[in-house]
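*Asks:* Sharing a structure here in structure tokens format.
The values are calculated or read from the model by the stated rules, or taken from the named source; none is laboratory data. All figures in this text were calculated on a predicted structure; none of them were measured in a lab. Cβ: placed from backbone, ideal geometry, glycine included. Neighbour counts: every protein chain shown.
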Amino acid sequence: MNRISGILTPHLTPVDDHGRVDEDRLRGYIDWLIERGVDGLYPNGSTGEFVRFTAAERRRIVEVVVDQTAGRVPVLAGAAEANVKETIAACDAYGEMGVRAVAIVAPFYYRLSAEGVYAYFREIADTVSVDVTLYNIPLFASPIDVPTVIRLASECPRVVGIKDSTGDLPTMMRMIAAIRPMREDFAFLTGWDASLALMLIAGADGGTNATSGVVPELTRAIHRAVVAGEIDDAMRLQYQLLPMFDVMLGLGEFPEGFRAGARSRGWNLGPGRVPLSAQQREAIAKTQQEIDALVNKVTQQSVPKDGARCDLPVDTLEQIVQRILKQL
């Protein structure tokens with residue numbers, strides 16, 4: 001089977017005024033993302049606030065996404081539950097629904113050792129009936145270190161990739177160097193928007209980026225520019241993405257900034273499930289104007305779907321790389 005690649009959107013989960021999953025709005029949002037060129041969809045990711053929904057709601061979210069997608073793009077479904085037994089059950093359920101693969105974060109709350117992380121994923125990989133991608137996000141869960149990724153890739157055919165959200169370029173390069181020679185089917189995806197272009201240039205296959213739920217045209221254009229070998233164009237586009245990501249990531253409780261970004265594109269996806277103070281709501285309202293301006297600037301420049309030039313000032317590639325590295 002072909003390696004997972006391109007931009008797979010870890011999309012927000014719309015909720016209505018009563019806090020319920022808004023299935024109609026979710027279906028409309030999925031169509032909008034596909035029409036704007038995303039290469040896949042990623043329900044139940046961190047951006048989709050998977051831990052804030054019940055297990056039954058998570059399954060229904062994937063069911064709706066798979067149904068609405070109707071085979072137009074692959075679905076990479078977040079399948080992490082609170083214990084290995086429930087995670088395996090979710091994996092099998094999503095496999096039956098027709099997802100391309102599942103994404104599983106390492107155990108959270110209880111911090112596990114590297115050996116514990118290995119044992120967890122090995123149990124899953126040896127049991128499930130669907131392909132598995134590892135999801136490394138040490139901010140929220142037990143880290144998956146490079147030796148563990150190499151070990152799982154070499155021993156478990158069902159483990160077909162990793163989504164790494166650290167933004168650590170040398171770590172990504174070490175994984176690619178060790179695993180690519182023995183596993184051509186193993187996919188490397190970056191979840192850190194600030195280093196998307198650099199990760200792709202280094203050999204990553206794609207990204208699972210929260211900003212792709214706001215400006216899917218731009219993240220796709222970065223990917224396509226790198227694939228076409230247009231590195232200068234990719235880096236200029238990356239500099240459009242960077243300030244948007246910084247502002248949206250820094251606003252309120254994650255992923256409130258990305259909800260604000262979706263509103264800039266005409267999608268009111270609801271308030272989420274975390275109560276906000278009056279001060280927080282005021283800060284979001286103030287920053288909404290800044291996000292609107294950043295998003296409008298990008299969309300007005302009409303970034304072509306397959307990646308192309310933009311009007312940002314031209315710097316040498318070396319200067320651009322050095323600036324991005326300072327951000328990591």
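*Asks:* Taking residue 6, is it touching a helix residue (DSSP H, G or I) at 6+ places or on another chain (Cβ under 9 Å) and surrounded by fewer than 24 Cβ atoms within 10 Å (Cβ to Cβ)?
*Replies:* For residue 6, the condition - touching a helix residue (DSSP H, G or I) at 6+ places or on another chain (Cβ under 9 Å) and surrounded by fewer than 24 Cβ atoms within 10 Å (Cβ to Cβ) - is met.
*Asks:* Continuing with the same structure: For the stretch 81-89, state whether one or more residues are at pLDDT 95 or above, closer than 15 Å to residue 56 by Cα, surrounded by 15 or more Cβ atoms within 10 Å (Cβ to Cβ) and out of contact with any helix residue (DSSP H, G or I) (no Cβ under 7 Å at 6 or more places or on another chain).
*Replies:* So far as the stretch 81-89 goes, yes, one or more of its residues are at pLDDT 95 or above, closer than 15 Å to residue 56 by Cα, surrounded by 15 or more Cβ atoms within 10 Å (Cβ to Cβ) and out of contact with any helix residue (DSSP H, G or I) (no Cβ under 7 Å at 6 or more places or on another chain).
*Asks:* So how many residues does the stretch 54-77 have that are within 19 Å of residue 137 (Cα to Cα) and either touching a residue at least 60 places away in the same chain (Cβ under 8 Å) or among the hydroxyl-bearing types (Ser, Thr, Tyr) (or both)?
*Replies:* Applying the first criterion (within 19 Å of residue 137 (Cα to Cα)) to the stretch 54-77 yields 76-77.
Filter once more, keeping what is either touching a residue at least 60 places away in the same chain (Cβ under 8 Å) or among the hydroxyl-bearing types (Ser, Thr, Tyr) (or both): 76.
Qualifying residue count for the region: 1.
Quick grid of which residues meet (1) at pLDDT below 95; (2) of a type in the set (A, V, I, L, M, F, W, C); (3) closer than 20 Å to residue 5 by Cβ; (4) not in a strand (DSSP E or B):
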| position | (1), (2), (3), (4) |
| --- | --- |
| 65 | no, yes, yes, yes |
| 104 | no, yes, yes, no |
| 119 | no, yes, no, yes |
| 127 | no, no, no, yes |
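*Asks:* So residue 147 ticks every box in (1) over 21 Å from the mean Cα position of the chain (by Cα); (2) crowded, with 16+ Cβ neighbours inside 10 Å but one. Which box is left unticked?
*Replies:* Evaluating residue 147 over (1) over 21 Å from the mean Cα position of the chain (by Cα); (2) crowded, with 16+ Cβ neighbours inside 10 Å leaves (2) as the failure.
*Asks:* Separate question: Just give me the residues in the stretch 204-223 being closer than 19 Å to residue 74 by Cβ and surrounded by fewer than 24 Cβ atoms within 10 Å (Cβ to Cβ), in sequence order. Reasoning before the result, please.
*Replies:* Within the stretch 204-223, the first condition is being closer than 19 Å to residue 74 by Cβ, and the residues that meet it are 204-210, 212-213, 216, 219-220, 223.
205, the sole residue that qualifies.
*Asks:* Could you check how many residues of the stretch 97-130 are within 22 Å of residue 48 (Cα to Cα) and surrounded by 15 or more Cβ atoms within 10 Å (Cβ to Cβ)?
*Replies:* Total satisfying the criteria: 12.
*Asks:* Here are the criteria: (1) of a type in the set (D, E, K, R); (2) more than 24 Å from residue 190 (Cβ to Cβ); (3) in a loop (DSSP other than H, G, I, E, B). Tell me which single one residue 60 does not satisfy.
*Replies:* It is condition (3) that residue 60 fails.
*Asks:* While we're here: Could you tell me how many of the residues in the stretch 259-283 are hydrophobic (A, V, I, L, M, F, W, C), buried (at least 17 other Cβ atoms within 10 Å of the Cβ) and part of a helix (DSSP H, G or I)?
*Replies:* Start the filter on the stretch 259-283 by keeping residues that are hydrophobic (A, V, I, L, M, F, W, C), which leaves 260, 262, 267, 269, 274, 276, 278, 283.
If we keep only those that are buried (at least 17 other Cβ atoms within 10 Å of the Cβ) too, we end up with 260, 262, 267, 269.
With part of a helix (DSSP H, G or I) added as a condition, the list becomes 260, 262.
Residues that pass the stated criteria total 2.
*Asks:* Being more than 18 Å from residue 271 (Cα to Cα), of a type in the set (A, V, I, L, M, F, W, C) and either within 19 Å of the chain's Cα centre (by Cα) or surrounded by fewer than 24 Cβ atoms within 10 Å (Cβ to Cβ) (or both) is the filter here; which residues of the stretch 226-255 pass it?
*Replies:* Once the filter is applied, which keeps residues that are more than 18 Å from residue 271 (Cα to Cα), of a type in the set (A, V, I, L, M, F, W, C) and either within 19 Å of the chain's Cα centre (by Cα) or surrounded by fewer than 24 Cβ atoms within 10 Å (Cβ to Cβ) (or both), the stretch 226-255 yields 226, 227, 228, 231, 234, 237, 241, 242, 244, 245, 247.
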